[in-house]
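J.: Take a look at this one; I'll ask things after.
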Amino acid sequence: MKVLTLNAGSSSLKYQLIDLADGTVLIRGLCERVGGPDAVHKFDRGLGELKRAEPMRDHHDALQLVLAVLTEAERGPIRDLADIDAIGHRIVSGGEFFSESTLIDDDVLDKIAVCSELAPLHNPPALHVIRACRELMPGIPEVAVFDTAFFQTLPPRAYVYPLPYEYYTDYQIRKYGAHGTSHRYVARHAAKMIGADVYDLRLITCHLGNGASIAAVDHGVAVDTTMGLTPLDGLMMGTRCGTIDPAVVTHIQTRLGYTPEQMNEIMNKRSGLLGVSGVSSDLRAVEEAALAGNERAVLALELYAYFIKRYIGQYFAVLGGADAIVFTAGVGENSEYMREKCLAGLEPLGIVLDARRNRLRTGERIISEDRSRVKIMVIPTNEELMIARDVEKIVDELRLAEVLAAGADDEVEQTLV
Ligand code: AMP
């Protein structure tokens, strides 16, 4: 089955065409700065990246360009759009409506629209892309895969904020989490690598990228996560502050006369690694500055690691121990320095990193010492593959249901005859 995965951001459209027969990515690409004067389409058909500056007024235009590249004569990975069996859309917020991936129909579209309030930068462009797919590829089944779905299993004690309860009941203000598809993927993959069933394991999964979150996964079920109503909560990130005393927000607004929008900007775009170091939101650049003796860069790294360590400790307590800690995404997969720093001193908890294995740089791996009670693992995340697999499962079920229904119709016809 060939599945097209689509991931719409506020001004971007990321995609992959995956052949699930063997998991090959036939093409991957990204339309950037959609709607801007300098829009660009980058893609890779396995022969290196190509870049085309092309006008795109909106996500509909972007999708048209993507489809043109997919079916480009001679070089496109498919001849006809009908060769795409199904489409999977990454949807940032499914609110409390969706606890799993879902075939898209009008009702699902309406619910995604309702959740736009919770993901104003992401759900509206995703809706735009879904509608464009319906127009440009009618009849191809579309599936919504929600970032929040994996965390719908959180118990109320983990998702209710201790605010007046009406804010939850009347305005749906609660913890929803994010990066769910990535946490789900690495949790399952970790179980496979360990040779156990995910339903037998307690896992702490650390998605450390530009955005970062940690999840506690108890016997296959997510029981807590660091992101909240929005992705601002939890860990310190590239440009986001993560958890701070909420009174800091009103204090700064009052003292400096900032509007809620300005404060939002500061906490989302000017804080985190960038805000503390003053150097960059990119961990590599901050590591380099720290090595060169920049003290604020050193402090930023200390803070970044300390946030991770604190949440690992919290989730160790929540789970009553852990069988494995998994690192994924840009920082988690690549920064041996950060992994070492956030796990330092955790030996009494049975968490023992192997310094040599931690330096290895190849794919998925176990980097704890053999005597470590808790396995420490690095697993490259693959949200697109997870999306494509969900799509395959749902479309297979749909086809089976259609076959069964056709069989039942035949039986009725035969009986009538
Ligand atoms: P992501 O959002 O998953 O693409 O992750 C981006 C983050 O990963 C950035 O902060 C990068 O600096 C960081 N990153 C990528 N490669 C490395 C590396 N080799 N060492 C340290 N950080 C890295």
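The values are calculated or read from the model by the stated rules, or taken from the named source; none is laboratory data. What you see is a predicted model; the values in this text were computed from it and never measured. Please note: Cβ atoms are built from the backbone with ideal geometry, for glycine as well, and neighbour counts cover all protein chains shown. Protein only, heavy atoms only, side chains kept; ligands, DNA and RNA dropped before computing areas. Shrake-Rupley method; radii C 1.70, N 1.55, O 1.52, S 1.80 Å.
J.: What is the sum of charges around Ile376, taking Lys and Arg as +1, Asp and Glu as -1, for the other residues whose C-beta is under 10 Å from the C-beta of Ile376?
T.: +2
J.: For the chain, give me the percentage of DSSP beta bridges that are antiparallel, rounded to the nearest 5 percent.
T.: On the way: 40 of 59 bridges.
Among the beta bridges of the chain, antiparallel pairing accounts for roughly 70 percent.
J.: Which whole DSSP H helices in the chain pass both tests: a Cα extent of 27 Å or more along the axis and a mean Kyte-Doolittle value no lower than -1.0?
T.: Details: long enough: 295-319 (36 Å, 0.66); 383-416 (49 Å, -0.01).
The qualifying helices are 295-319, 383-416.
J.: Something else about it: Could you work out how much longer the chain between Asn294 and Gln172 gets when fully extended? Use 0.36 nm per residue separation minus the Cα distance between them, nm to one decimal.
T.: 39.6 nm
J.: To the nearest 10 Å², what's Thr230's accessible area with a 1.4 Å probe?
T.: Accessible area, nearest 10 Å²: 60 Å².
J.: Relative to the compact globular guide of 2.2 N^0.38 Å, what is the alpha carbon radius of gyration of the range 303-371, as a ratio? Write out the running numbers ahead of the final one.
T.: Numbers: Rg = 11.6 Å, N = 69, 2.2 N^0.38 = 11.0 Å.
The reported ratio for this selection is 1.06.
J.: Any idea what diffusion coefficient the range 333-417 gets from Stokes-Einstein, in µm²/s, Kirkwood Rh on alpha carbon pairs, 10 °C, 1.306 mPa s? If you can, show how the numbers build up before the last one.
T.: On the way: Rh = 17.0 Å.
Taking Rh from Cα pairs, D becomes 93 µm²/s.
J.: How much space per residue, in cubic angstrom, does the convex hull of the C-alpha atoms of the range 262-390 take up?
T.: On the way: hull volume 19.2 nm³, N = 129.
Convex hull of Cα atoms, per residue: 149 Å³.
J.: Can you list the lysines whose alpha carbon sits under 17 Å from that of Lys393, skipping same-chain ones fewer than 8 residues off?
T.: Lys2
J.: Taking the alpha-carbon centroid of each part, what is the distance from the range 302-356 to the range 161-215 in angstrom?
T.: So the separation of the two Cα centres works out to 16 Å.
J.: Given an 8 Å cut-off on Cα distances and at least 6 residues of separation, report the relative contact order of the range 226-293 as a percent.
T.: Values: 78 pairs, mean separation 20.3, N = 68.
Taking the mean separation of contacting Cα pairs over the length of the range 226-293, I get 30 percent.
J.: Here's something else I'd like to know. Averaging the inverse of every distinct alpha carbon separation and then flipping it gives the Kirkwood radius. What is it for the chain, in angstrom units?
T.: 23.0 Å
J.: Sticking with this structure for a sec: Can you pull the three principal axis extents for the Cα set of the range 102-229, in Å, largest first?
T.: Cα spread of the range 102-229 along its principal axes, largest to smallest: 44, 42, 27 Å.
J.: What percent of all Cα-Cα pairs in the range 11-80 falls in each 5 Å bin, counting up from 0?
T.: 4, 18, 28, 23, 16, 7, 2, 0
J.: Also, I was wondering about something else. Accessible area of His122, 1.4 Å probe, to the nearest 10 Å²?
T.: Ignoring ligands and nucleic acids, His122 comes out at about 60 Å².
J.: Please compute the contact order of the chain in relative form: average sequence separation of alpha-carbon pairs under 8 Å and at least six residues apart, divided by the residue count, as a percent. Could the numbers behind the result be given before it?
T.: Values: 806 pairs, mean separation 53.2, N = 417.
Answer for the chain is 13 percent.
J.: While we're here: On a 18 Å Cα-Cα criterion, which of the cross-link pairs Lys14/Lys269; Lys14/Lys51; Lys175/Lys341; Lys14/Lys42 come out too long? Provide the component values of the computation, followed by the final result.
T.: On the way: Lys14/Lys269 21 Å; Lys14/Lys51 14 Å; Lys175/Lys341 28 Å; Lys14/Lys42 9 Å.
Violating the 18 Å Cα-Cα cut-off are Lys14/Lys269; Lys175/Lys341.
J.: Once ligands and nucleic acids are excluded and a 1.4 Å probe is used, how much of Leu343 is accessible, expressed in Å² to the nearest 10?
T.: Here the accessible area works out near 10 Å².
J.: Give me a comma-separated list of calculated 3J(HN,Hα) values for the range 90-97, in order, Karplus coefficients 6.51, -1.76, 1.60 applied at θ = phi - 60°, integers in Hz, x for any Gly or Pro.
T.: 7, 10, 5, 10, x, x, 9, 6
J.: If amide H atoms are built 1.01 Å from N in the plane of the peptide, which residues on other chains or at least 5 residues away come under 5 Å of the amide H of Thr225?
T.: Amide H to amide H, under 5 Å and 5 or more residues apart or across chains, Thr225 pairs with Ala216.
J.: Okay, moving on. Which residues make up the longest stretch of the chain clear of trypsin sites (Lys or Arg not before Pro) that lie in a DSSP loop with no more than 16 other Cβ atoms within 10 Å, not counting the sites?
T.: Working: sites that count: Arg33, Arg57, Arg75, Arg79, Arg270, Arg361, Arg371, Arg373.
Result, exposed sites excluded: 80-269.
J.: Related question: With N set to the residue count of the range 1-136, report its C-alpha Rg divided by 2.2 N^0.38 Å to two decimal places.
T.: Details: Rg = 14.9 Å, N = 136, 2.2 N^0.38 = 14.2 Å.
Compared with the compact-globule rule of thumb, the range 1-136 sits at 1.05.
J.: How far is it, in nm, from the label point at Leu303 to the one at Glu369 when both lie 7 Å from their Cα along the line to the Cβ?
T.: Spacing of the two 7 Å Cα→Cβ label points: 3.3 nm.
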